[in-house]
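Let me begin by presenting the structure, written as structure tokens, before commenting on it.
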Amino acid sequence: MAERADNRPNSLNLDGWGPPVVFLAVVVFCGLLTSALAKLPRPLDHRVDKELFSAGRALRSLEHLLGSEGAHPSGSLAAERVRTHLAAELLRKGWQPEEQVLSLATTWATGTVHNWTVEIEGRDPDAGWIMLLAHTDSVAAGPGVADDLSGVALVIEAARALCARGQPERGLLLVFTDAEEDGLCGAEAFAAQDPRLGDVLCVLNVEARGCRGPSIMFQTGPRSSDLLRAYAENTERPFADSLSVEAYRRMPNDTDLSVFIERQLPGLNFAFIEGHEAYHTPIDDLDHLSLASLQHQGDQFLAGLVAAQEAQFGEPAGSQLVWTALGSRTLFVLRAGTLQVLAFLLLLLTVLGLYQHMQREENQECKWTGALLAWPLWMFLLLLAAMAPGRIMGLIAGVRDPGHTQPFLFWFVSVAAVLALTGAVVFPIVRRVGLASALGACHVWQSVLLCALAIGAPGAGAWLLGVVAFGTLGIWAALVRRGPSGLQGASFWLLGPALILVLPLVNFLAAAYGSGGPQVPMALFLVVGLPALVGLTSLSPGRSLQLAVGAGIVCLSGSIVLLLLPIASEEFPRRQNIVLVSEDGETVKRRGAGEFEVTWDEAAFTPRFVETSRTKTGDGVRIGGVLAGGGPWGSARFEGLREIQLGGRELDGETTSFFALPLAGIEVGFLLGEEPAKIELTLQTPLERLGVDADLLRKPFHMPSGHGDRLISSRTVFEQGQEP
């Protein structure tokens with residue numbers, strides 16, 4: 001049956017180039033609106049009301065903590081001086097700091113850590129402690145201003161601001177841990193040995209994985225439902241989504257909060273993650289730290305601290321909440337069970353609405369089936385298109401992240417690739433199955449995906465609830481207008497509200513995964529925007545081809561520009577892993593990963609060695625360090641857990657610290673001095689005397705081999721646009 005022409009006046013004209021113009025206009029407008037809604041607060045200086053969190057006051061504390069130090073990894077003299085600065089800063093606030101010197105043995109390391117704690121009594125001495133957590137150490141590669149001295153200063157300022165409002169009901173326990181970067185050692189030691197842990201009600205941790213951007217509440221502990229509700233009531237400008245909890249749970253990452261989550265303590269984890277190029281690099285310094293981000297993180301942390309004073313912590317461990325931020329203004333919280341009920345209700349309404357559309361179109365059943373089967377193919381092809389430019393450029397340039405120095409251009413290229421494939425492949429399929437069927441299939445799959453997430457990973461489904469609700473509303477609204485143009489128009493008009501809900505989360509995932517994983521944020525965008533993208537099919541085949549060719553030219557041109565630009569700069573340093581290998585079991589060779597070779601005496605030393613799984617035999621192997629200046633340096637011995645004096649010259653006033661990993665047959669030792677060491681690693685006993693297979697000495701902590709070599713150790717250096 002032929003479709004009736006809709007000649008009503010004032011109807012939306014979706015012919016010709018209208019759909020692409022509307023689509024791009026909606027995306028651009030929603031992007032600008034989302035950016036405006038997510039604008040970070042103005043940093044408050046030190047003269048503002050004492051009851052408020054002030055980035056200016058936190059910056060003063062941060063400057064006192066850092067002093068003239070640079071990198072201050074755990075065990076170094078610089079780390080000791082930073083802790084001395086911390087004690088002085090705590091005394092200036094009128095508190096009584098206490099140093100904890102604790103020994104521990106974990107699966108990562110064995111040694112001694114130096115934590116600092118402060119008790120601030122509450123009005124009710126029996127009410128328990130609210131723990132505020134940050135770590136004082138940095139990686140060896142950089143000053144660690146954002147990660148995590150900014151967190152230390154933030155905890156101090158947030159505690160001060162809360163106390164300025166009056167004595168808190170519940171006491172505050174400030175814990176500043178050591179050796180977080182070496183495997184959460186300080187937190188593990190505190191949790192295992194401090195008797196106050198039994199009185200801790202919840203833990204608030206602050207971290208950074210970049211140097212700017214909004215503060216994200218990205219992780220919660222068990223039994224945190226009431227804490228989360230109280231946080232939602234107290235916070236302004238929240239940036240949080242339970243999708244981040246589901247994602248973080250499946251990633252090989254940990255923070256100090258992980259130690260206390262394992263012990264079933266409620267908690268909240270805060271971090272800003274944009275500016276990832278500064279994370280664990282030499283430019284994690286004061287010049288690159290965003291004070292607006294520090295202010296936003298402080299406001300969010302203080303809201304969490306107020307919530308911890310109000311919350312009840314008696315709920316059962318099995319209760320689960322999901323949440324999402326609506327327009328970066330309000331935190332929407334609901335139970336996982338409620339999400340499941342709403343998800344299946346929306347699926348039912350979607351199917352019923354589409355059934356009504358099907359009844360109006362004769363002989364469309366087979367087309368609906370084809371469209372439902374085509375949707376997974378579209379998603380696969382479009383995600384492949386998003387990934388392809390980066391992977392191809394990476395192969396040509398020999399790097400994993402070709403968009404490292406130009407992230408916006410990289411994403412522009414990825415979007416152009418998606419549009420090119422849409423015009424060349426997706427549109428012809430849509431024309432074959434019919435526009436109404438294709439649009440309906442998109443909405444059905446949105447609803448099915450929501451139901452699957454609500455059951456399998458409820459935290460990952462909160463963001464999609466509003467999107468599916470808008471889609472269902474559009475389907476029923478489109479019944480007023482006959483023909484596929486009704487669904488098409490609804491898809492365009494409802495794209496805006498859906499994007500406002502999702503774009504902040506897309507931006508978060510883009511910052512989290514960087515140019516190495518464009519498929520993750522692109523997947524969220526396509527789930528939301530695919531109905532409107534499919535609606536562009538009203539373009540004639542000729543114009544669809546023009547769109548594909550034009551977008552392809554843009555993609556190719558952008559890729560060429562990226563390949564011609566430097567892969568590293570002062571503002572975008574790039575990590576290079578340097579690996580020591582033994583290919584024949586007798587000699588040791590140096591291998592540089594990347595575009596240039598770096599000698600060991602130029603490499604930044606990271607005190608990590610091989611993992612193993614069995615006891616060594618014979619006299620063993622020792623990898624020794626020949627000192628040419630100060631520390632740090634290291635030595636690994638495979639001779640059982642007995643102490644052996646290390647060779648090499650010891651610096652005046654320095655001592656050798658031994659770390660025995662709780663894996664049979666390994667010991668690791670460090671000598672940490674004041675100046676960077678020049679290290680020449682030497683093999684003192686042939687590897688063959690270990691009596692082990694070639695594949696055993698693989699996978700150092702930072703970098704698996706993948707080549708069948710016997711990896712002895714790996715180091716990380718940073719390229720900043722010049723040969724080191």
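The values are calculated or read from the model by the stated rules, or taken from the named source; none is laboratory data. Note that this is a predicted model, so its numbers are computed, not measured. Here the Cβ is made from the backbone with ideal geometry for all residues, glycine too, and neighbour counts use every protein chain on show.
Using the structure shown, decide if S225 is under 19 Å from G275 (Cβ atoms), assigned by TED's automatic domain parsing to the domain that holds L201 and not hydrophobic (A, V, I, L, M, F, W, C). It would help to see each step written out before you state the result.
Values: under 19 Å from G275 (Cβ atoms): no; assigned by TED's automatic domain parsing to the domain that holds L201: yes; not hydrophobic (A, V, I, L, M, F, W, C): yes.
It is false that S225 is under 19 Å from G275 (Cβ atoms), assigned by TED's automatic domain parsing to the domain that holds L201 and not hydrophobic (A, V, I, L, M, F, W, C).
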Residue that is part of a helix (DSSP H, G or I), under 18 Å from P428 (Cβ atoms), at pLDDT below 80 and out of contact with any Leu (no Cβ under 6 Å at 6 or more places or on another chain), where the choices are L547, L536: L536
Pair list, Cβ < 8 Å and 6+ apart or interchain, from region 389-418 residues that are in the same structural domain as L556 (by TED's automatic domain parsing) and modelled with pLDDT under 80 to residues that are outside any loop (DSSP other than H, G, I, E, B) and of a type in the set (K, R): V399/R574; D401/R574; H404/R574
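Please work out if L453 is surrounded by fewer than 24 Cβ atoms within 10 Å (Cβ to Cβ) and touching an Asp or Glu at 6+ places or on another chain (Cβ under 9 Å). Reasoning before the result, please.
Working: surrounded by fewer than 24 Cβ atoms within 10 Å (Cβ to Cβ): yes; touching an Asp or Glu at 6+ places or on another chain (Cβ under 9 Å): yes.
So L453 fits the description; yes.
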A71 being under 11 Å from D137 (Cβ atoms), in contact with a Ser or Thr (Cβ under 9 Å, 6 or more places away or on another chain), at pLDDT below 85 and assigned to a loop (DSSP other than H, G, I, E, B): yes
Number of the condition not met by T84 [criteria: (1) β-branched (V, I, T); (2) under 29 Å from the mean Cα position of the chain (by Cα); (3) surrounded by fewer than 16 Cβ atoms within 10 Å (Cβ to Cβ)]: (2)
Output for region 22-80, where each listed residue is more than 24 Å from the chain's Cα centre (by Cα) and among the hydroxyl-bearing types (S, T, Y): S54, S61, S68, S76
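State which residue is modelled with the lowest pLDDT when the search covers only region 216-253 and only residues that are of a type in the set (S, T, N, Q) and in contact with a Gly (Cβ under 9 Å, 6 or more places away or on another chain). Outline the logic, then answer.
Step one: list which residues in region 216-253 are of a type in the set (S, T, N, Q), which gives 219-220, 224-225, 234-235, 242, 244, 253.
With in contact with a Gly (Cβ under 9 Å, 6 or more places away or on another chain) added as a condition, the list becomes 219-220, 224, 234-235, 242, 244.
On the way: Q219: 88, T220: 89, S224: 87, N234: 91, T235: 88, S242: 85, S244: 82.
Per the criteria, the residue is S244.
Got a sec? Which of E188, E207, E119, E169 is charged (D, E, K, R), touching a residue at least 24 places away in the same chain (Cβ under 8 Å) and closer than 25 Å to H276 by Cβ?
Working: E188 fails: closer than 25 Å to H276 by Cβ; E119 fails: closer than 25 Å to H276 by Cβ; E169 fails: closer than 25 Å to H276 by Cβ.
Selected residue: E207, the only one of E188, E207, E119, E169 that is charged (D, E, K, R), touching a residue at least 24 places away in the same chain (Cβ under 8 Å) and closer than 25 Å to H276 by Cβ.
Filter region 37-48 down to the residues that are in contact (Cβ under 8 Å) with a residue 24 or more places away in the chain and either outside any loop (DSSP other than H, G, I, E, B) or not aliphatic (A, V, I, L, M) (or both) and list them by number.
First pass over region 37-48, keeping only residues in contact (Cβ under 8 Å) with a residue 24 or more places away in the chain: 37-38, 40-44.
Listed by number, the residues that qualify are L37, P41, R42, P43.
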Residue match in region 309-324 (condition: at pLDDT below 90, in contact with a helix residue (DSSP H, G or I) (Cβ under 9 Å, 6 or more places away or on another chain) and closer than 14 Å to I216 by Cα): yes
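Would you mind stating whether L381 is surrounded by 22 or more Cβ atoms within 10 Å (Cβ to Cβ), at pLDDT 85 or above and touching a Leu at 6+ places or on another chain (Cβ under 8 Å)?
Numbers: surrounded by 22 or more Cβ atoms within 10 Å (Cβ to Cβ): no; at pLDDT 85 or above: yes; touching a Leu at 6+ places or on another chain (Cβ under 8 Å): yes.
Against the criterion (surrounded by 22 or more Cβ atoms within 10 Å (Cβ to Cβ), at pLDDT 85 or above and touching a Leu at 6+ places or on another chain (Cβ under 8 Å)), L381 does not qualify.
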